[in-house]
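Engineer: Shown below is the structure under consideration.
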């Protein structure tokens, strides 16, 4: 949104000519961490005055309420909400999130540049400002197959888009540490534009963090405890505190945040499923959770607003101050953040009835992305001698990182068999982009699946088909169902399809209104209760991250079991 400075100055001198005035509010000052009573004058989408105004112009009385900046999400993959950007916007605005910084690397790993352009085009009519960081690592590693490769030359064509504000999470840290040419070119071209480069420093040692910082990568959302957060702050990083569906790091990091260093912390979501987002929001939920656990509400709001704006080089957002864009929330209480009104770019938003607007046409190629040859039971055999220990992926609740567990597992006729009582299940990743026929096999502990199988085409970051189950027949049926629907989530038991959520847009997103998709997700969760023991986690979100070979310790790709610590494939047999 552009503004002529002289017009804004003129209205600042003549408050009677502004669009409207918010009167008698308690203004939250994110710069000095205090509140004060005052009026806010708004013209042409901008704040043009803070003070006490006597005016005959339109007045909105906000007595006994707080005026805070619109919330900013510092890092989110919209594809993980399973709806397209325009639908995401409709769902999230009611929670007070007015700006998000998104990395479309999920769809880029499936559909390349065409996928990124679709996301940008579909976001144009959104009420929420959707700002884009270009995917830095497509594919994420060389140890798996995905649907596209993006070089520096590919990305350079997108740098002139107004919505593009930087380079997204650089998860291919070996390319940085070894200063590989194409990665260096990506970093340099973004630096030359004076844009921001995001980090992805999962499990990196101190010396590798130093190299990240030297490469101008100075924010990170992969700290999982207070010590990691403090280390990053001391090295000059901005720490994005993540609270999503699978990764819940906020409570572990909270002890690191003080009044002395709070400007170095901000909130982000990373990945959150639609049903959870619709129910509780994203950044607003992080604020409430932090305040409930004794963080100063003013610091929490600062982290959700001005800190994110500064971290990402976003001008004129994140504060209630003259010259800033009038993205504002009127709330009754800072602790529970009950939102009374949302003002976006100086206009009141009807948060109760967000109608669907014009949406970008979905390219046909993006709607036909699941190309998997027939999978047989023989292809699912995992060699394992009786009495032989196995390398097992152990899920850690609330974390994206996993543990490498070495233990005895059941076998029959020289092959592993699932044991639901022991919670050792067969897992497979089937390549779906190029019909290679690759099937990576492993054993997973922590899904708590009692029977049947679950499968998804959302499998970070290459988004092949990922499936886990208690028997091969149900596993194969689940895979075949995803081929038929061209992507989505599915639950199978005893040869029957119990539930499905169709995600035909790159196998990642629905083409339906978000209300339709969230209803299907809620119905699916009810079914999950019948086949999962002690169902308390987002099992599909967890499953999707068991394929990400850049986060320790053990993951599964279409090429097999991957040890992230040693950075190579290993056998299931220990």
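Values quoted throughout were computed directly from the atomic coordinates according to the rules given, and no laboratory measurement underlies them. Note that the structure is predicted; figures quoted are calculated from it, not measured. Cβ: placed from backbone, ideal geometry, glycine included. Neighbour counts: every protein chain shown.
Engineer: Can you give the convex hull volume per residue for the Cα atoms of the stretch 368-569, as a whole number of Å³?
Structural biologist: Numbers: hull volume 22.1 nm³, N = 202.
Convex hull of Cα atoms, per residue: 110 Å³.
Engineer: Figure the gain on full extension for residue 208 and residue 235 (residue separation times 0.36 nm, minus the Cα-Cα span) and round it to one decimal in nm.
Structural biologist: On the way: separation 27, 0.36 × 27 = 9.72 nm, distance 1.12 nm.
My answer for the length gained is 8.6 nm.
Engineer: If we sort 236-246, 460-470 on the protection proxy, mean other Cβ atoms within 10 Å, highest first, what's the order?
Structural biologist: Ranking, from highest mean packing down: 460-470, 236-246.
Engineer: Here's a follow-up. What distance in nm separates the two pseudo spin-label positions at residue 178 and residue 534, each 7 Å out from Cα along the beta-carbon direction?
Structural biologist: 4.2 nm
Engineer: Moving to a separate point now. Would you mind computing, in nm to one decimal, how far apart the modelled labels at residue 396 and residue 163 are, each placed 7 Å from Cα along Cα→Cβ?
Structural biologist: Those two pseudo-labels are separated by 3.5 nm.
Engineer: Provide the gained length on full extension for the span residue 315 to residue 279, in nm with one decimal, where the gain is 0.36 nm per separating residue minus the Cα-Cα distance.
Structural biologist: Length gained between residue 315 and residue 279: 9.9 nm.
Engineer: Separation of the stretch 104-151 and the stretch 496-541 by C-alpha centroid, Å?
Structural biologist: Each part's Cα centre sits 23 Å from the other's.
Engineer: With each label point set 7 Å from Cα along the Cα-Cβ vector, what nm distance links residue 151 and residue 381?
Structural biologist: 4.2 nm
Engineer: Grab the Cα-Cα distance for residue 59 and residue 410, subtract it from 0.36 nm times how many residues apart they are, and report the gain in nm with one decimal.
Structural biologist: Roughly 119.2 nm would be gained on extension.
Engineer: Taking the alpha-carbon centroid of each part, what is the distance from the stretch 35-73 to the stretch 255-324 in angstrom?
Structural biologist: Rounded to whole Å, the Cα centres lie 21 Å apart.
Engineer: Right, another one. Taking Cα atoms, how many degrees apart are the long axis of helix 472-485 and the longest axis of the chain, rounded to 10 and kept between 0 and 90?
Structural biologist: 50 degrees
Engineer: To continue, here is another question. Based on the mean of other Cβ atoms within 10 Å per residue, sort peptides 360-373, 112-125, 275-288 so the most packed one is first.
Structural biologist: Working: 360-373: 15.9, 112-125: 20.4, 275-288: 22.1.
Most protected by this proxy first, the peptides run 275-288, 112-125, 360-373.
Engineer: With angles folded into 0 to 90 degrees, how steeply does helix 181-192 sit against the dominant principal axis of the chain? Use alpha carbons for both and round to 10.
Structural biologist: Once rounded, one gets 10 degrees.
Engineer: Continuing with the same structure: Could you give the angle, 0 to 90 degrees to the nearest 10, between helix 105-123's Cα long axis and the longest principal axis of the Cα atoms of the chain?
Structural biologist: In the chain, helix 105-123 runs at an angle near 30 degrees to the longest axis.
Engineer: What FRET efficiency do you get for residue 523 and residue 7 if R0 is 51 Å and r is their Cβ-Cβ distance, rounded to the nearest 0.05?
Structural biologist: After rounding, the FRET efficiency stands at 0.50.
Engineer: Just to verify a number: FRET efficiency for residue 348 and residue 574, C-beta to C-beta distance, R0 = 56 Å, to 0.05?
Structural biologist: Working from the Cβ atoms, E equals 0.35.
Engineer: What whole-number distance in Å separates the alpha-carbon centres of the stretch 211-241 and the stretch 376-403?
Structural biologist: With the stretch 211-241 and the stretch 376-403 each reduced to a Cα centre, they are spaced 32 Å.
Engineer: Can you show me the helix-derived [θ] at 222 nm for the chain, built from DSSP H runs with n ≥ 4 at -39,500 (n - 2.57) apiece and divided by the number of residues, rounded to the nearest 500.
Structural biologist: Rounded to the nearest 500, the figure is -7500 deg cm²/dmol.
Engineer: From the square roots a ≥ b ≥ c of the eigenvalues of the alpha-carbon gyration tensor of the stretch 70-315, which class results: rounded (a/c under 1.5), prolate (a/b over b/c), or oblate?
Structural biologist: oblate
Engineer: Just to be sure I understand: of the beta bridges DSSP finds with both ends in the chain, what percent are antiparallel, rounded to 5?
Structural biologist: Numbers: 72 of 102 bridges.
Here the antiparallel bridges make up roughly 70 percent for the chain.
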